[in-house]
1. Using +1 at the Cβ of each Lys and Arg and -1 at the Cβ of each Asp and Glu in chain A, identify which of A:L174, A:L324, A:V201 lies farthest towards the dipole's positive end.
2. Rounded to the nearest 0.05, what FRET efficiency is calculated for A:V158 and A:R119 with R0 set to 25 Å and r the Cβ-Cβ distance?
3. Which length gain, in nm to one decimal place, applies between B:Y277 and B:K25 when the Cα-Cα distance is subtracted from 0.36 nm times their residue separation?
4. Give the separation of the Cα centroids, the stretch A:256-329 to the stretch B:130-206, in Å.
5. If you take the accessible area of A alone plus B alone and subtract the pair, what total do you get in square angstrom, rounded to 100, with a 1.4 Å probe?
6. Sort B:H260, A:H161 from largest to smallest accessible area, using a 1.4 Å probe on the heavy atoms of the protein chains.
7. Once both labels are modelled 7 Å past Cα along the beta-carbon direction, what's the B:M229-B:R163 spacing in nm?
8. How big is the accessible area of A:E329 in square angstrom, nearest 10, if you roll a 1.4 angstrom probe over the protein chains?
Amino acid sequence: MRRFLTIIFLIALFSSCEKVLFEKDYASSDPFDNFEYLWNEVDKKYSYHDLKGVDWDAIKVEYKAKLHPGMSEDSLFNVLAAMLNKLRDDHVNLVAPFNISFYNVDLTGPSNLDFRTLREHYMGNAHYTGPFAHTFLADNRIGYMRYGSFTSDVDEKVLDHVLTRYKDTEGLILDLRANGGGSIFNIPKILERFNQQNTLVAYTITRNGPNKGDFGPREPFYIGTHNGISYNKPVMVLIDRASYSATTFFALTTKSFPNITLIGDTTGGGGGIPAGGQLPNGWTYRFSISQVLDLNGNNYAEEGVEPDIAVNFDWSDLTKDEILERAIEEILN
Amino acid sequence: MALLMSVPFYSNAQAEQTFKPINQKNILVTTSLSFARYRDFATSPLFYEGGGTNLYLGWQTLNDNWELTMGVDFLVNLTLANTPKSDFYEANTFGVYSGLEGSVSYLRNLTPDFNGKYDFKLGGTLIGNQNMRINPALDNSTLGLETIVNLMLSGKVQRDISRREETVSNFLFLTIRNRPVRRTLAFQLDTGVLSFNRRPGYNFFYDGPVDGTNTTMFSYVWDQYSWSMNGWRLRSKLEFTQFSSSGNGRRLAYVWDAMHAPGKHAAYQMGIHRIEYTILINNNR
């Protein structure tokens, strides 16, 4: 019996032992604990404090005053989300099981895409291959490709097929309007098809210290070349305020390509890469921890990349897409 | 385990069995039911907890003077965040922990007395873990990796609880003949002497390696990782082993393994509890 009791004692001892050895459990639904945690994480790791021109310390005072013990989770969410939205950044989100916060940067500019107009007047015979919807325009003289989201992976076979289809055209239109971003791994896969030589297109820097100006070294971002099927004629890339994140990154990198022209409206921004984390109450969040820089070291892409040719959609005539028409005109003339 | 060690209803005794000195080369195959609890401060202040299993393949040279054990262990656990209770809408995030562990352990018998009841062994253990954790709720921080290497001081006390005489048990109308069998009960404690870990940089991942031509996922997360020599690890093992006359055996064990890897910026902590079942295949008959 003594042996048995000893074994039971040892099992009981070790089954909870690490809790004694580790730091305390920080799980908490207290509004103040969660506020402090989130504020500190953004303070220590967010990458665009300086560019946004936001006084993060003053924001803490302002929003902490809105907390009170026992406040509802919904109210806490609203306070935290409002605090985060002061950063004017759609890469800054709070995710609770019952709601997700967005800044909605696309609403800060005009809408420049009407899917009905596009489908009814330009894409009647469109093919759908992988993530691309594509068709011939202007009596088969132009190829049109719509890429709706960088979250859809680009497959080499898909690109081979699409670019082969349009190899005899005079130019290509790549429509990235309302493309909210996704994986930046898809950027080089597309751009290397339009590229003749290894090209430095941007730099990235990642925050690496507690001070808001602490960043690691500039890391170059290159676009290589593709050994197989490529397209070397003019390419018009359509952008608007809803072109965000990876699409903004894409737009910035096209500035290094003489055969690529940006047409439409300024992109929404979101050049940095967001990292995710979790609060003591289990909600999650994300915010940018890096910056994308142009070749001169400027980080303006976070606020949007301007088009080479600015054109807006005319909502009084839904039979025409002015941005697309301008792209056609640029290729044919 | 306690039931296995107790022998009820002795009725008579036969001649005492003499065992040969131990000289075995065992293949070890282990599986377990496990409970893991971990926390990565780089992404969350919460513990993740959940059950899982493992598969261990090892080799052991075992005699009365020393034992050498080496093997590879694959562990997997499904976990849930230990979030505070909510009467509004409770947050639940799940994670998957998987780990590959390699270990080498050498223990010298300090009291090599074949007829003695107790053996006291002392030696060292080298353990290396490569963890990979998936937490889909963490967006681009979904993938968590850490490498943890520990050189440990190992002590083991082993009690010979063999049945050296044949006994006969009577249970209702059944008569059960219990033959002599070699059995041991052992407790091993490994304490980290040198602890190394490879943990993320200041931010959980780093933008730099995504340079347009080098876009592999692992370079994306690995490049800012660095080694630190800090932290601690403790591992204990309570094991009951029974050998057959062929030298083969089976083992039941309770293992507790706890580690703390502070890294340079944010700590990783983990504790695993396992109920293990091991088959020992003797290759030295």
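The values are calculated or read from the model by the stated rules, or taken from the named source; none is laboratory data. Since the model is a prediction, treat every value here as computed from it, not as a measurement. Ideal geometry is used to build each Cβ from the backbone, glycine not excepted, and the neighbour counts take in all protein chains shown. SASA here: full protein model, heavy atoms, side chains in, ligands and nucleic acids out. Shrake-Rupley method; radii C 1.70, N 1.55, O 1.52, S 1.80 Å.
1. Checking the options against the dipole of chain A, the answer is A:V201.
2. Details: r = 21 Å, r/R0 = 0.83.
Efficiency, from the Cβ-Cβ distance: 0.75.
3. 88.9 nm
4. With the stretch A:256-329 and the stretch B:130-206 each reduced to a Cα centre, they are spaced 52 Å.
5. 4900 Å²
6. A:H161, B:H260
7. Inter-label distance under the simple model: 5.2 nm.
8. Here the residue's solvent-accessible area equals roughly 100 Å².
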